[in-house]
Each structure stands twice: as structure tokens, then as C-alpha cells.
1. Taking the Cα centre as origin and putting +1 on Lys and Arg beta-carbons and -1 on Asp and Glu beta-carbons, what dipole magnitude results for the protein assembly as shown, to the nearest 20 debye?
2. Could you pull out every residue, at least 5 positions away or on a different chain, whose amide H is within less than 5 Å of the one on C:THR33? Hs are placed 1.01 Å off N in the peptide plane, and Pro or chain starts have none.
3. Take the cross-link list D:LYS105/G:LYS61; A:LYS87/H:LYS145; A:LYS120/D:LYS64; E:LYS145/G:LYS105 and give me the ones stretching past 27 Å between alpha-carbons.
4. Rounded, prolate or oblate: which fits the stretch D:50-99 when a ≥ b ≥ c are the square roots of the eigenvalues of the alpha-carbon gyration tensor, with rounded for a/c under 1.5 and prolate only if a/b beats b/c?
5. If you place +1 on the Cβ of every Lys and Arg and -1 on the Cβ of every Asp and Glu, how big does the dipole about the Cα centre of the stretch E:78-145 come out, in debye to the nearest 20?
6. Take the alpha carbon atoms of the stretch C:103-146, find their center, do the same for the stretch B:1-65, and report the distance between the two centers in whole angstrom.
7. From the phi of every residue in the stretch A:20-33, what ³J(HN,Hα) in whole Hz does the Karplus formula 6.51 cos²θ - 1.76 cosθ + 1.60 yield, where θ is phi - 60° and glycine or proline is x?
8. Under 1.5 on a/c is rounded, so check that first for the stretch G:107-146, then, if it is not, pick prolate when a/b is larger than b/c and oblate when it is not; a ≥ b ≥ c are the square roots of the alpha carbon gyration tensor eigenvalues.
Number of protein chains: 8
Amino acid sequence: MSLIVYLSGEIHTDWRDEIERGAKAHNLDILFTAPVTDHDASDAAGDCLGEESNSFWRDHKSAKVNAIRTRTLIEQADLVVVRFGDKYKQWNAAFDAGYCAALDKPYITLHDEALIHPLKEVDAAAQAWATTTEQVVEILRYVLKP
Amino acid sequence: MSLIVYLSGEIHTDWRDEIERGAKAHNLDILFTAPVTDHDASDAAGDCLGEESNSFWRDHKSAKVNAIRTRTLIEQADLVVVRFGDKYKQWNAAFDAGYCAALDKPYITLHDEALIHPLKEVDAAAQAWATTTEQVVEILRYVLKP
Amino acid sequence: MSLIVYLSGEIHTDWRDEIERGAKAHNLDILFTAPVTDHDASDAAGDCLGEESNSFWRDHKSAKVNAIRTRTLIEQADLVVVRFGDKYKQWNAAFDAGYCAALDKPYITLHDEALIHPLKEVDAAAQAWATTTEQVVEILRYVLKP
Amino acid sequence: MSLIVYLSGEIHTDWRDEIERGAKAHNLDILFTAPVTDHDASDAAGDCLGEESNSFWRDHKSAKVNAIRTRTLIEQADLVVVRFGDKYKQWNAAFDAGYCAALDKPYITLHDEALIHPLKEVDAAAQAWATTTEQVVEILRYVLKP
Amino acid sequence: MSLIVYLSGEIHTDWRDEIERGAKAHNLDILFTAPVTDHDASDAAGDCLGEESNSFWRDHKSAKVNAIRTRTLIEQADLVVVRFGDKYKQWNAAFDAGYCAALDKPYITLHDEALIHPLKEVDAAAQAWATTTEQVVEILRYVLKP
Amino acid sequence: MSLIVYLSGEIHTDWRDEIERGAKAHNLDILFTAPVTDHDASDAAGDCLGEESNSFWRDHKSAKVNAIRTRTLIEQADLVVVRFGDKYKQWNAAFDAGYCAALDKPYITLHDEALIHPLKEVDAAAQAWATTTEQVVEILRYVLKP
Amino acid sequence: MSLIVYLSGEIHTDWRDEIERGAKAHNLDILFTAPVTDHDASDAAGDCLGEESNSFWRDHKSAKVNAIRTRTLIEQADLVVVRFGDKYKQWNAAFDAGYCAALDKPYITLHDEALIHPLKEVDAAAQAWATTTEQVVEILRYVLKP
Amino acid sequence: MSLIVYLSGEIHTDWRDEIERGAKAHNLDILFTAPVTDHDASDAAGDCLGEESNSFWRDHKSAKVNAIRTRTLIEQADLVVVRFGDKYKQWNAAFDAGYCAALDKPYITLHDEALIHPLKEVDAAAQAWATTTEQVVEILRYVLKP
């Protein structure tokens, strides 16, 4: 059994690497995908289409270019891991979770105990809530058990 | 033409009333729906099913009971308005927006300029971004133009 | 807000009546639907199409005629309550739950604590697990809160 | 022609092996998939996410982790075989059958004559009912006829 | 419970009237719909769009105009009855049955024993096979049992 | 039988009125819907959300507000009539036709012979091509034949 | 560009071979699939599941086993060719066409002029009508043009 | 990450080559697909099925044969680029855009500033608007960023 796993959310810590390393250590047959995680590049994704004086439209163009990648990858994924860190609003992560929920695409949340209450709707539609990347790897191991 | 409009998001200001009053003032044929907006009642939605010592499970049960209502109403709606206020994490609002996006259900966001950047992915999939309830009412008037 | 609620499962106790009476007592705007609950009539649903010497085919014809009703009602429902009693195999109830899960139709299970373990997969995809009809009514009241 | 066949249900006899051996003996181009069939591992699937004092939540977490695997595999399958043995409640097997029915995924049931009546709804939506693994292999041979 | 029933197929006998009369006699709450059953009008459905010298295109235009009605009504129906008589090719009836099967719309076939073998694929996907309109009415009564 | 018919396309002649009058003259039970046909109002649909210095964004906002109405009405319609006049680019009309085609929503085109070649892809997916509003009315009469 | 083409319908002439040979002669990258075309084997497809005294049930079981293959292959196909010969009822071919139409799966019909009128509904939903296998090959060549 | 990109629209300039060369220069893992871009061949696509005296039907047959290719490729694509040139009606390009919009398939428009106003509905549902092929390549590079 092989799996495509999309890693959504926080881009300022190396949680993606930890999961990928863990999966590799156990020889799991997983293709990991992700959004562009370079923050500046992501904010500038639409700049090549022409400058905008208005910040709303600059963000708008970049967000739509990013969506070409993120929605395609979410739709191709078998499983999505959505990570919420302790900074920023991270509404895009919650948006991805809602997108998965509507598509009936299974997802796991990854966040600290401190976020339980504000994330209760997001967790309610998830298949699992993990607090560490080790737990995510453990679940992936189980799911791919021969 | 009539419309079913679901009002998602912030529950601590009276933006829903403002929109409903505005729509009424213009005799718009709209059925407005909403989540349970009583914060305490919402947090306790699952309590009747038995007490939980663990706060995660209490939240979990309540969030799932709430989802019976919110998903049904979102699916019945022709249009969703998603309001982001200036407090709290409001991940459930972003979750609803993602849910709408995946269902191809049109939604309008309602938030201040200060939130443009963190909400860029949510706005990118919206049909409109409004900053005041008057603007929302104006759009509803236009959409329902005889 | 109004709701269509399909009451699936056990047909040998009066749990449907209890829920309907409870809903009525609270003036809830709910249309309750159900399979044919007369056991003998249900087993004989296909007999009018000709006798069968083989019990498999008799059951087959009746089950298919019953499915005309049950699937139509499940698809029309906003919410399904699936009741597991303490007798019989009740595979049709679990089948209905799986059917709901695949359609993303919210359902509530209603069963005793004794059945927790064998029903874990069925409960895992449910929006709530209740042990009494009072709890089901309580949830319906909450979901329909004005 | 090749086929992906998911083998759902009973995990206490070696019916999966029998079918796989039979398919191999006839050089059928089939990829067989299955849930985790180690009973204890399956019950403990969610334990890595933290201990639960309450058995309902332990089961809940494990069932949801298992569902990541089972739903993905059912959706990838071209055909599902659902086995009902003579022990246990096996509601998960009936749940899988209902899930397949709603997705219009063809499935075959495999059970003894003694279970005809309680399984009539499950059989009614199946493409075939077999009583032996040899019959299942025979059908697979026919379906894959060059 | 009410039902929308589309009566597809043979247009040269009064089987539709028989079923409608039977349903009325039992006060069943059913809305019956049907294709245009006036053979000449049906063949001429597209003539108002301009004459055709080529019979293929005349038939083509009429068949497409008829499809506006038939597909809309099939999609609105809860149940379809497909009647095969003893004359003509009746490929449109089999086409409707295939259309229903792909939509997972339940249908009943109505035909004589003589047609069992050539209709086996059509019957295999049906919820019931009836040989008389009385049997169809009997099933409708059962399905609508209060 | 009743019908919801969406009238898409050209907004500078009174073809919609002609069809509505024709339908009324024959007492057809049809609810006609349409986009906002006031050209200036349509171009200004998004202006209430704030001025734009850039014409692209002004058009963008208005087009998205219009889409709230047009997509909702197209999805609610049983049949769409798409009118191409002899002026302007009318890409929105072709866009609506493509939208209908993908949704399997039946549509009729209404245009002169002079446009046959450039509209061949649009006509290829249509249920009928009419050149006059009388023909459209004639088809509606046929489709609604009692 | 490559294509999966399912060849549905008549099993008593060698039209499938003609098309496959023609495609090979032009080096077209096509995977052709088909139902089991051995008439006796097809009628006996369900016999391994146990004998039936009643011919309806024998046909029923075989038709359902055949459907495991045919529906899977139709759903995997990019294009379906449906052949109607001059003998037999061939309702299964019309059933397949209706099934394709509802799934929005493009299909081509292949039949003589003599069958134009009875096949008008089937042809109306087809992408093309061919009278010879050479024409089908010609279309395949065009569709796969580099 | 790899991508399938369908290049829809204008067939009289070499914009497709420019994009393909640009993608190749950056070693992007993209499979580009397109309609048949030989204008005469495209107009004659249905001629092998028999001559037509009426130009509407000649166009009709060719457009339907072309649709076998174009719809299959659009559905297989992860992203569509829709090019509008400065000549011709190009309604097929707008039709493809509408088709993509309804399927929730992301598309980019490629056209000059002069076409902003008439294409506003088409642009409103697009993920990006580009004016040069270099911009399209730039977006593809970003989307495929490792």
C-alpha cells in the first residue's frame, strides 16, 4: 500500500521534514506534497502578472496562483495533515481543513493542547488529532501496515 | 427571486441583526439562517450526552452536534456570508469558507482591512469582500433585483 | 428551521414513538420518516411479485422492494438516527449507517453501553452517540434552536 | 484486464489467504487489499495518540485511525468482497457494504446459508452472494476473462 | 410519504392509466409523470425548428427535444417504472433504465415472462420485476405504507 | 408539469419578453429567470464595495457579484435558453453554455443562421437550436404538453 | 494521447476485431476493452454460485456477475462504442448507452441506416453515429491526432 | 510535482509552442495537451461519417467529434490555459472556460488588455489572467516549485 499525503499549514517550523524523515526511517511508501513553503515567494506568487498598488489585489492574485497548486495537491492526496502552530492567524490551514471535510478527504490535525478549544470544529471533522510529528508518523506506519 | 443566506462566523457582535434589518427594510425575499449564536449553549451542545472529564472530548461532542446544524444549513443555503471579527481565532469561520469553496457554494467575506493579508486565501475563493454590513445588504439587493 | 429525520434500525421496541412524542412536546418542526416497521409485512414485501420456493430469493425480492422506500427516505433526510437494540443481528442498521457515511449524511447512533466495542466503526462516523431517546430529543431541540 | 479487490469483514479465519491463493493459482492480475487484520493492533490503532480512561473514546480514536485506511482502500477498489463469519456482531462489515452501496461500488457477499435472512438487505445490494472462497475465485476468473 | 413516479417505455397500450387508476383507488399520494405519449407528436417534436430532408436529422432533432422533458422528469422522479411491451425495439426504454442505473435512481421493470432473457441486464439493475400493473400498484402501496 | 427556465445572453433586445409573453399566451406553467439585464447596473454591480482605479478590478468585482445571481439561477433552472445577438463578443453567453454542458443541464441556443459556424461547439452540446422566439415558445409548449 | 475504448453491444460478428485491427494498422495508442463475448459463458456467468430451477434467477445471477465487469470497464473508458446488429433485442446495448449518457461518458453508435428511427433516442445522446467499422477507426485516428 | 495542462482557444498563432518551449527551458514536468489545431482538419472532423448538404449538420457532426477529444482532455487536465486572440468570435474558448468553471477545474486566461471588459465573466472565474506566454510559463514554474 502506498499513500499520497499533503502537508498543509504552518510554514515556519520544520514539522514537514520531521514527518518525512520519520516516514523514510520506516521505509513507508509515501509521496509527500505541500504548498510552496517559502513565505516571501508565496506572497509574491502573482507579481509576475503585473504590479498592484493596492495590497488587497496583490494578495488576491498571489492567493489564487497558490490555489492552483494547493487545491490540485489536496484533491490528489489520500490523506492531509493540517498543522496549526502557535503564531499567526493560520486561516488558510482551517480553510484547507474545511475544504477536505466537504470533499470527504480524511485529514489529521497537528497542534498543541492549548489550541483544543478554538480548533474544536476543525478537530471534530478530523480522523485524528496529534500533538507531535512522531504521532503522525506512528499513524502513517499503522495505516500502511503490510 | 428568493434566496437562502447562511450567516457564518463571529457571534459576539450584532452584524447578523444589521444585515437582517437591512434586508427587511428593502423587502428582500431572503431566509436568513445561522449557527446557534449563544456561546455557552454552543459549547455545551453535547453535554446532554454525558459528562466528560477531558476537555477535548467535551469540545469534540459539542462541535459534532453543532455540525449537524451548520452543515445542513450551509448545504441548503444559496449564499453564505462569513464574518471575521477582530477577536479570537475564528478558525470555524475559515473552516466554513473552505467547506463552501469545495462545494462551489458562493460566499462573501465580511471583515476589516486589517485582516486582508491573513485572510487572502479565504478571500481568494470568495465572490466578494465587504467591510460593512451595509455593503452586504447592497449586494443582496442587487442580486435580488427584480 | 425544520428538519427531516429518518429513524433507522430496531423495529421491536417503541423508540420511534418516544422520539416523536418528545419532539412534539417541544413543538419541534420535524418530519419523521421510517422504514415499514411491521416485521411480517416487511418480510413479505415482494410476495405480490410471485411466490418463491427458495428462501434466498423471497428475501431478496422483499429486501429490494423495501430499499425503494428506505433509500429514498434516507436521501431525503437531513439527519438519520440509527438504533441498535439488544437482539438480532441488525445488519441492516449498520448498512444504513455506512450508506449515510458515504453520502456524508449526518447520523446519530442510539444504543446501550454494552454495544460500544462492536459498534466502534459505526460510532466513529456518527455525529453523536446517544443511549436514551431523551438524549436524541435533546439534541433535536438544540439543533432546531431558534 | 486487472482489478483491485478489497477484502472486507471477518478477521479470524484465513478466507483472505484462500482467495489470494486461488487467484494466484489462476494467474489473475489482481491487487488484493484489506484492513489491518491483527485484532489487537486494530483495537490499539489510536493508542499512540494518548491514553484514554474511557473505553468509548479509546475505541473511537482507533476506529477513526482505521477508517483512514479502510475508506481509502474501498474507494480505490474496483470490487469489494464482504465476508460474514459465524461469530461476533460484524457490524463493521455491514457498514462497509452500505458504504459501497452508496458509492455504487460493486461488492460480493461471502457467508453461509444460515445468515441469509439477517443479511437480506446487505445481499440485496450486492452483485453476488457466495458461500465458499472457491466461488469467489471462480467469479474473479470470469470477470477477468481475457 | 409522497412519491414522484416516472412511467417510461411503451406508449401503445394503456398501462399508465391502469397504474394511475390503481394508485387513485388506494388514495396513494403519487405524482405520475411520463414522456409525451402521442407517437406522432413525439416524432414531430423538432419539426417546428425547420424541415429536414434527411430522416436521421429529423429524428435527431425530435429526440433531443423529447430528451429535455424525459431527462428532467427522470431526474425529478423518486422511482421509475419501465414498461417493455411485445412490439417494437423499445431501445429508448432500455436507454432510460441504463440512465436510471447510472444515477442510482430506483426503477421497476414491467414486462412478460417471454422477455426475461433479453432483458436480463435491465432486470439485474432493477429493484423489482413486475408482470402486471396490479403488481406495480401493490408495490407502490407497500412503499407508501403509512 | 412546471419548468424553471433561465434566459441567458443578449441584453439589448426584448427577446426575453417575447418568450415570456408567448409562454403566458399558452398558459405554460413556467418560472422565467434571468441575469440583471440593465447593462449599466450590471457593470456597476461591485461598485458598492469600493472604487477601483484599475478597470480590470472594477470589472472583476462586478462580474463576481453578478455570478452570485447567475450561477444560482442556472443551477436552479430545468432548462436554459442562450441567446446570441449580432453585436458584441457575448463571451458570457458562451461561458454559460459551457457551464450548463458540464452540469448536464439542458440548454437551447437562439441565434441567426449567420452564426452557425462560430457557434458550432456551443450548438453541438445544446438540445436544440432555434432562430426565433416563436420556436422557443413552441418547444416549451411541447415539453410541457399535458 | 492515449485512449481507453470500451466496445459494447453485439457479440455475434467480428466488428470488435475489425476496429482493433484498424487501430493497430494506424499505430493508435488505444486500450480496447469489452464484455465477455462468449455467449454461452456469459449466460452461465453465475452458475458457479449454485443452480437455479427458475430461469429468471439464473439470468439474474449471471447478469449481475457480468455487470461487475461491464460497469467497471465503462467507468474506466474514455470513449464507448455501442454496436447494434440486425438481430436480437440488444437491450443491454441500449442500457449501456443510457448508462454512458447519465455519466456524461462520450459514446459512438455503430449501426445500419435501417435502425435510425428506433435508435433515435440512443443516437441523440451520442457523439457520433457510424455505419462501418472503418468510420469508427477514422474517428479514433482523428481524436488521437498528434 | 507534475502537471497536465490543456491549452484551449486560439489556433492561429503559435502561443502553444511558446509556452511549451518555455516550460521545456525550465525543465518543468508538464504534459501539454490541446485540441486539434489544424483548422481545416477540425472543420472536417465529421466528414468521414458521410456528406451533409446542410452546413449546420456538417458543423454539428465535426463539433461533436472534436468534443470527444476536447472534453476528455479537459477532464484529464490539472490546469487549463484559455487563450483569446484578437480575431474571430472564439466562443468555443469561452465555452471551455465555462465548462472548467462548472467542474471546478482551475484555468488561466491569456489575452490582451483590450479584451478585459467583454471577458470579465470569464476572467472572474479564472485563477489568473496573463497577457503574455512568458507570464504563463512563470506561473507554471511557480506552481511546480520543488
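1. I would put it at about 0 debye.
2. Placed amide hydrogens put C:VAL5, C:TYR6, C:LEU7 under 5 Å from C:THR33.
3. Details: D:LYS105/G:LYS61 17 Å; A:LYS87/H:LYS145 25 Å; A:LYS120/D:LYS64 16 Å; E:LYS145/G:LYS105 38 Å.
Going by Cα-Cα distance, E:LYS145/G:LYS105 fall outside the 27 Å limit.
4. Numbers: a/c = 3.47, a/b = 1.49, b/c = 2.32.
It is oblate, given that a/c is not under 1.5 and a/b is not larger than b/c.
5. 120 debye
6. Using only Cα atoms to place each centre, the spacing works out to 21 Å.
7. With the stated coefficients, the stretch A:20-33 comes to 5, 4, x, 5, 5, 4, 9, 6, 6, 8, 10, 9, 8, 10 Hz.
8. On the way: a/c = 4.93, a/b = 1.88, b/c = 2.63.
Note, shape of the stretch G:107-146 comes out oblate.
The numbers here are math on the coordinates, done by the rules we state, and not lab data. Fair warning: this is a prediction, and the values are worked out from it, not measured in the lab. Cβ: placed from backbone, ideal geometry, glycine included. Neighbour counts: every protein chain shown.
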